[in-house]
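Nothing in this text is a laboratory measurement; each read-out follows from the coordinates by a stated rule. As the structure is a computational prediction, the values presented were derived from the model and not from experiment. Every residue, glycine as well, gets a Cβ built from its backbone with ideal geometry; the counts of neighbours run over all protein chains shown.
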Amino acid sequence: MALIDVTKSCLDSIRQISEHIEGAIVYLDAGCTESFQLMGAFPLFLDLGARAVCSSENMSALDAVADWNGSFESARKIVIMTSRLLSDAHRFILRCLSMHKGGHCCTIFTSISEVAHSTYPDSPLGPDAFHDYQSLLLQDYEELIENSDLKSGQLVDSNTKGNLTLEDEGWSRFTSNEDVPSLEAISAGKNQNGDSPRQGMVDLGQKPIVSVHHFPMILSPISPRVFVLPSEGSIAEACLSSEHEDSISAGLPSLSTGLPSDVDEVPPAATLTAHFLYHLAAKMDLKMEIFSLGDLSKTIGKILTDMSSLYDVGRRKRTVGLLLIDRTLDLLTPCCHGDSLLDRIFSALPRKERTSSSASIKCSQAQLKPGPSSLARASLEVQIPIGEVLTKEDFEIDDSCLSNGIEAFRCGWDSYNSASEMVDLISLSKKASDEKFFPAELLQGSLVSTETFKGTPYLEAILDRKTKDGAILVKKWLQETLRRENMTIDVKTRPGFASKLELKTMIKALTKSQSSLIRNRGIIQLASATLLALDESCSARWDAFISAEKILSVNAGDTSQSLAAQISDLINKSAFAGSDGKKSGKKELSQGLLSFEDALLLTITGYILAGENFPTSGSGGPFSWQEEHFLKEAILDAILENPSVARLKFLHGLTQELEANLNKTKSDVTKETSTDELNIDDFDDDQWGKWGDEDEDEENDNKEQEYDDMQLKLELRDRVDNLFKYLHKLSSLKSKKRPLGLESNLSSDPYTNKGLLYKLLTKISGKFDVPGLEYHSSTVGRLFKSGFGRFGLGQAKPSLADQNLILVFVVGGINGVEVQEAQEALSESGRPDIELVLGGTTFLTPDDMLDLLLGESSYI
């Protein structure tokens, strides 16, 4: 039986819609772009005959000019693929239709199913969502064209339509929501001005033929058996919990209590995630046996069970055991800095910036409901600055050819009379002709899961290895590639070790020629990412985190006093490092020193460890009142020394006050220093009479300043108290998850130092019972249990250990260390027959966790 390959399934799904792609201009939103970039799908679009692949958020009238396949006929087909709800993507779809008026056929593919559209809260679409949207889109399109024609004061004929400028068809008409009627207004049969959309008939020419389809295979595969959801898709951005007593962040499930929830409303992400998993399994021809662990996972499991039917159960499909897990059952693993090369790469390298569309959609939705309506997940597209690895001597290219090419392209562009683009190209042409111009600065790479070395995917091999082993493997691949290219390098290599000098020398050798750069782009990009992640500027901070977390772990096994003292010491050191850096004029901390925000993340880690190791004291937290008082004072002093942390949610609105207080403190120190240097002989006799008035004015100013300082400190104390109430909630994870019997107490036993996923898979593969694990009966199972069971024909409850294929989906996200530990658990179980597929809402780094717990999406 063939192994499951998520990437291959996604690419096969694209091939199945080849008749729509052939000869069409394909528009992708940010979520689809991220997904297809990671799976390496863009060459496939070219093979299937696409005229061009363009961005929905940055579309231009010139997209119709681009043609990869050399066809001189005008484009008659448009394909729009989106990872968002149709209501969110509506303004871009409408803009695309108005821009390509000659397009005869427009096909829309969305990753959100028709049923999910109709059941989504506040959705204007009914049960027949796709057909409803087709009608509303055409109605909106006709109204938009009619309004633009009436505003221009003339009827639009075929010649006028062809001569519309870029400004008429571009962003200028969509900069405000006033120009694009909402779906609610259209569904009511009126535009936003209250007029009938067909009032004042004009000749609109031929209507486009619009069709809407469901395309579920829009996901981000990190390897053939590890995937997450696109960061700018509707599913990943949907809230996983609403604000209530047991919730900690909109981007994480609520704390599991095992009791019926007081909140009747199901989070939007639960419905969207359930529909995604259902259609993913159906597309891969799999029949699911559903198990869940955690309150939100149980909710998703129930939705999945209700979606199942006798037809799905009765078909001859391969069975997969679906295990749903709440991220909040183990917050410690993603908060810590583990030994994973991929985690280091994602933490060290810059990510692609999010598109402005997400912000505008979020703002428009925020007006409807209080609290965060959507999340801003970090992009999964890592930008690898290859140019930083190379130097001008290492990258040989004919600068004159590059300059001439840019100049020729600029002249052709000039015929469209686009001033802003022309200025950019002129500056780029001048830069190209400059002797100091370095073409490698333009080089940026990204990770692609389909890049392989002799059939072995690079990222899959890296995921299973720790940092040192992963770096050695990258070095081995570089050596094999050099051998294949018949290249030699003058550098001494040490077996069993990969130095930065070795990696950099081999990368430079492979980029000597452009042909070698193109042929070996996969290993060059991965090696460059590894080199930058292991650089001292990045690795020093990561190693400092590892050292601090080990110290916290050791103290957690001792007493609460030692753990509290250690946390306080980390906070004080970070505050001193930050203030010392500001005084010296340095914007960045010294290598190896942790910032105050880093210390707050370690404080969260310390509180989670304390909650697992120490009983709750009378103050409601794991520490005594005196221990917690010292921690509060340390954090209070650190905030006063580092006003930049006011970006965190619990300090919102205090930025100016904190900066003013810090500047005043510095000025007072300067005044005291200058006063000490004054000499009594410098004063004249005439000045003695003025001292009384000056002293009185100065005393009044000091009183006002003291009052302001007192007000600021009182406000800060209230904010810090709220922070510690939030930390108490995080430390109560043990009591919340006690029924699971899977606490992660730290000790010398290696088993207890592993994450929840490792422990679960170890128990499951050993066929042990997992407390709290709930099985969701299928339709046939419920039928046997309720009907035929009374006649002795009952169906035995299936076990997850009996499944040869297990799909684990972590609601809230996964990280690289968990992938390692999952594979380690299976290899130690002696069950080579088990095939594991691991998925999650997003890929988490420790910085992402800090943002979720203390940033905008936090419920602090």
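What FRET efficiency comes out for Leu636 versus Glu388 if R0 is 35 angstrom and r is the Cβ-Cβ distance? Round to the nearest 0.05. Don't jump to the answer; show the numbers that get you there.
Details: r = 40 Å, r/R0 = 1.14.
That pair, Leu636 with Glu388, gives E of 0.30.
Put simply, the amide H of Ser249, placed in the peptide plane, has neighbours under 5 Å in Tyr859, leaving out anything fewer than 5 places away on its chain. Which of the residue pairs Lys476/Lys573; Lys352/Lys475; Lys8/Lys649; Lys468/Lys729 have a Cα-Cα distance greater than 30 Å in the structure shown? As for pairs spanning more than 30 Å Cα to Cα, those are Lys476/Lys573; Lys8/Lys649; Lys468/Lys729. Label positions at Val115 and Lys8, each projected 7 Å from the Cα along the C-beta direction, are separated by 2.9 nm.
In order along segment 719-724, phi translates into HN-Hα couplings of 5, 5, 4, 5, 4, 6 Hz, rounded to whole numbers, per the Karplus curve 6.51 cos²θ - 1.76 cosθ + 1.60 with θ = phi - 60° and x for Gly and Pro.
Dividing the mean sequence gap of close Cα pairs (under 8 Å, 6+ apart) by how many residues segment 15-71 holds gives a relative contact order of 42 percent. Look at the Cα gyration tensor of segment 1-132: its axes a ≥ b ≥ c give a/c of at least 1.5 with a/b at or below b/c, and that counts as oblate. For Arg494 and His652, a Förster radius of 41 Å and the Cβ-Cβ distance give a FRET efficiency of 0.20, rounded to the nearest 0.05.
Please compute the length gained on full extension between Ala66 and Arg483, using 0.36 nm multiplied by the number of residues separating them and subtracting their Cα-Cα distance. Mind showing how you got there, number by number?
Working: separation 417, 0.36 × 417 = 150.12 nm, distance 3.92 nm.
Between Ala66 and Arg483, full extension yields an extra 146.2 nm.
Close amide H pairs (under 5 Å, H built 1.01 Å from N) link Phe453 with Tyr458, residues at least 5 positions away or on another chain. Karplus-derived 3J(HN,Hα) values for segment 241-256, using 6.51 cos²θ - 1.76 cosθ + 1.60 with θ = phi - 60°, are 7, 9, 6, 7, 4, 9, 8, 10, 7, 5, x, 9, x, 5, 5, 7 Hz; glycine and proline are entered as x. A cut-off of 5 Å between modelled amide H atoms, ignoring neighbours fewer than 5 places along the same chain, links Glu381 with Lys352.
Spacing of the modelled spin labels on Asp718 and Phe42, each 7 Å from Cα toward Cβ, amounts to 5.2 nm.
Which value results for Rg/Rh of segment 232-309 when Rg is the Cα radius of gyration and Rh the Kirkwood radius based on the inverse mean 1/r?
Details: Rg = 13.0 Å, Rh = 13.2 Å.
Over the Cα atoms of segment 232-309, Rg/Rh equals 0.98.
Shape of segment 1-56 from the C-alpha gyration tensor: oblate (a/c of 1.5 or more and a/b not above b/c, with a ≥ b ≥ c the square roots of its eigenvalues).
Computed 3J(HN,Hα) for segment 385-390, one whole-Hz value per residue from the Karplus formula 6.51 cos²θ - 1.76 cosθ + 1.60 where θ = phi - 60°, is x, 4, x, 6, 7, 9, glycine and proline marked x. With R₀ fixed at 35 Å, the C-beta to C-beta distance from Ala544 to Ser827 puts the FRET efficiency at about 0.65.
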